[in-house]
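A short worksheet on the structure shown next.
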Ligand code: OFO
């Protein structure tokens, strides 16, 4: 069944949000590179790639339902983040915001009795549990490490091992 105009527009806005997230994570990667945390920067670059993949998945879905999308511009991404803690705390709160956006799409699909979109969104709902958990775990680790340089360098090395998911 063809996707409704309201659902298609809501997904278009979500595609924009996914690319905006990618851009935000890239700005964070730049700050971490500047602060000489190459492993954390690499983690953030992978995160940015994931967000693009999330956007693409929405893109393909809309066209598989005979819809169309609009692509408004992206806002400038923040660079100059002050510390790994500031970066990962912001990433965690950002992912909580994304969860609310995904839930909002699900609410709309439910209201419209759009079963195909509801089923499609299950993947994102599950993904958000992981996204929040990963960011929060890192925040907690950084807090435990405190001001220990060797601890931060160890975490940097660990996060650098992240593979594309
Ligand atoms: Fe980080 O999440 Fe996309 O959807």
Open item on the list: For a bin width of 5 Å, list the pair-distance distribution of the chain built from all Cα-Cα distances, rounded to whole %.
Closed with: 2, 9, 17, 20, 17, 12, 9, 7, 4, 2, 1, 0
- [ ] Give the Rg (one decimal place) followed by the Dmax (whole number) of region 39-130, computed from C-alpha coordinates and expressed in Å.
- [x] 15.4, 45
TODO: Run through all the Cα pairs of region 42-96 and give the fraction in each 5 Å bin from 0, expressed as whole percent.
DONE: 4, 13, 17, 24, 16, 12, 8, 4, 2
Task: Principal-axis tilt of helix 5-34 within the chain, Cα atoms, nearest 10 degrees - done: 10 degrees
Task: Residue order, fewest to most surrounding Cβ atoms within 10 angstrom, among 117, 99 - done: 99, 117
- [ ] Enter the angle in degrees (range 0 to 90, nearest 10) between the Cα long axis of helix 115-145 and the first principal axis of the Cα atoms of the chain, meaning the one along which they spread out most.
- [x] 10 degrees
Open item on the list: Within a 10 angstrom radius of the beta carbon, how do 52, 142 rank from fewest other beta carbons to most?
Closed with: 52, 142
Open item on the list: If the elastic network links every pair of Cα atoms under 10 Å, which of 21, 31, 70 fluctuates the most in the Gaussian network model of the chain?
Closed with: 70
Open item on the list: Can you give me the angle between helix 84-111 and the longest principal axis of the chain, using Cα atoms only, in degrees from 0 to 90, rounded to the nearest 10?
Closed with: 10 degrees
Task: Packing-based exposure ordering (other Cβ within 10 Å, fewest first) of 81, 43, 123 - done: 123, 81, 43
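The numbers here are math on the coordinates, done by the rules we state, and not lab data. All of these numbers come straight from a predicted model, not from anything done at the bench. Glycine also receives a Cβ, built like all others from the backbone with ideal geometry; neighbour counts cover every protein chain displayed.
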